[in-house]
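The values are calculated or read from the model by the stated rules, or taken from the named source; none is laboratory data. Since we're looking at a predicted model, the values are computed, not measured. We place every Cβ from the backbone using ideal geometry, glycine too, and count neighbours over all the protein chains shown. Ligands, DNA and RNA are excluded from the accessible area calculation, which covers all protein heavy atoms including side chains. Shrake-Rupley method; radii C 1.70, N 1.55, O 1.52, S 1.80 Å.
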Amino acid sequence: QVQLVESGGGLVQAGGSLRLSCAASGSILRINVMGWYRQAPGKQRELVAVITSADSTNYADSVKGRFTISNDNAKNTVYLQMNSLKPEDTAVYYCNANYRSSRDGPDFRSWGQGTQVTVSS
């Protein structure tokens with residue numbers, strides 16, 4: 001089992017910045033993809049940004065140009081730098097990892113517990 005521990009959420013004014021971190025620990029042979037999703041009240045969880053082990057990235061259109069995802073493969077950690085935050089970015093942000101624990105085993109997916117990001121207008 002792999003645990004994902006998030007940090008860095010909080011309250012910020014519109015236009016401000018926050019940096020989220022997510023560290024994976026446990027039985028990890030290889031992390032294929034790590035990313036961030038978010039869920040606002042009354043809405044479905046949506047993809048924010050993902051990054052592969054080869055550093056290929058993908059972003060939701062709503063955050064392109066404002067958010068940057070990066071990783072430290074040696075530390076099994078992913079970061080989300082969020083700039084120019086808007087009230088509509090308010091949500092619980094969840095870390096996600098797609099990983100493999102053994103060479104011939106299946107891929108698994110784990111979620112973090114979530115961290116609240118609140119952007120005031």
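Normalised by the number of residues in the stretch 1-48, the mean separation of alpha-carbon contacts (under 8 Å, six or more apart) gives a relative contact order of 31 percent.
When each of the peptides 102-109, 85-92, 9-16 is scored by the mean number of other C-beta atoms lying within 10 Å of its residues, the order from highest to lowest reads 85-92, 9-16, 102-109.
The stretch 50-73 and the stretch 1-34 have their alpha-carbon centroids 13 Å apart.
Hey, what did the chain get for relative contact order, percent, Cα under 8 Å, at least 6 apart? Computed over the chain, the figure is 36 percent. Between Q13 and K86, what is the spin-label point distance in nm, taking each point 7 Å from the Cα along the Cα→C-beta axis? Computed distance between label sites Q13 and K86 equals 2.0 nm. In this structure the chain gives 53 Å² per residue of accessible area when probed at 1.4 Å with all protein chains present. Judged by the mean number of other Cβ atoms found within 10 Å, the most tightly packed of the peptides 58-67, 27-36 leads the ranking 27-36, 58-67.
The share of accessible area on the stretch 1-71 that comes from carbon and sulfur is 47 percent, using a 1.4 angstrom probe. The calculated FRET efficiency for the pair S101 and T52, based on their C-beta separation and a Förster distance of 25 Å, comes to about 0.90.
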